[in-house]
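Everything below concerns the one structure shown next.
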Amino acid sequence: MGAPLATAAALGRSRTGRKAVKGVLLALALAVAVVLTPLIAIPFAVAGSATTVAVSDAQAGPVAVGEWGYPLKGSYSTGRGFGWHPVNNCAFCPKDHLGYDMDQPCGATVYAAGPGRVINAGPMPGWGNTVRIDHGGELVTLYGHMAWDSLRVIVGQQVTAGTPLGDEGSTGKSTGCHLHFEVQKSGTAIDPEPFMAALGLPLR
Ligand SMILES: [Zn+2]
């Protein structure tokens, strides 16, 4: 270090020398800035991309409030509600409707409405290709009429709200593509509308 310092000191004694020293110091400052900028910027860039991922994850599934969410993503039209709803010109359709029908185009993804364990993933009489989820406390949700070979869960699997279950279809006693969403308490079907409304997820 002695020689360069001596050189700098020698240069510092002349006007052109001082200019040269200033130039060297400026160059050094620029070099330090070039090296440090990525080190400072990278953590911000990483933090930025992590935020973006979280946002896109939140947008991937249906609207949720706490641990529960809608079984379909986005808007849907409604079919038969819960209770006495005979279907014109359909001899095989049950007149007393045990679920809530939600319509999106054939093939739309059906999602778990809440956390629990899959207790059925396959054909059930009347309901066609069906997933049932046990949420504990003798509460079960059922997703009926899904397309054959579309199920993405298996019996015993743990799911949360927004887990894709399969594709909307028209299997079983159905006259067109729709989701038959059913809620059962202690083995008896209950009206999904007040049930979901109480969770902050009103069905329209
Ligand atoms: Zn139905």
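The values are calculated or read from the model by the stated rules, or taken from the named source; none is laboratory data. This one's a predicted model, so the numbers in the text were calculated from it and none came from an experiment. Methodologically, a virtual Cβ is constructed for each residue, glycine included, from the backbone with ideal geometry; neighbour enumeration extends over all protein chains shown. Side chains included, ligands, DNA and RNA excluded: accessible areas come from the protein's heavy atoms. Shrake-Rupley method; radii C 1.70, N 1.55, O 1.52, S 1.80 Å.
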Taking the stretch 154-188 and keeping residues free of Cβ contacts under 8 Å to residues at least 40 places away in the same chain and either of a type outside the set (Gly, Ala, Ser) or within 17 Å of residue 67 (Cβ to Cβ) (or both) leaves 154, 155, 188
The one condition residue 149 fails out of (1) within 19 Å of residue 79 (Cα to Cα); (2) open to solvent by 50 Å² or more (accessible area, probe 1.4 Å); (3) acidic (Asp, Glu) is (1)
Condition set of a type in the set (D, E, K, R) and assigned by TED's automatic domain parsing to the domain that holds residue 125, scope the stretch 154-204, selection surrounded by the fewest Cβ atoms within 10 Å (Cβ to Cβ): answer is 185
Looking across the stretch 103-130 at residues that are within 16 Å of the ligand (Cβ to nearest atom) and under 19 Å from the mean Cα position of the chain (by Cα), the single one that is nearest to residue 199 (Cα to Cα) is 113
Considering the stretch 76-102, residues that are in contact (Cβ under 8 Å) with a residue 24 or more places away in the chain and more than 12 Å from the ligand (Cβ to nearest atom), and then whichever is least open to solvent (accessible area, probe 1.4 Å), we arrive at 76
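Would you point out which residue out of 150, 186, 170 is more than 23 Å from the chain's Cα centre (by Cα) and more than 16 Å from the ligand (Cβ to nearest atom)? Even if it seems obvious, please write down each step before you answer.
On the way: 150 fails: more than 23 Å from the chain's Cα centre (by Cα); 170 fails: more than 16 Å from the ligand (Cβ to nearest atom).
The match here is 186.
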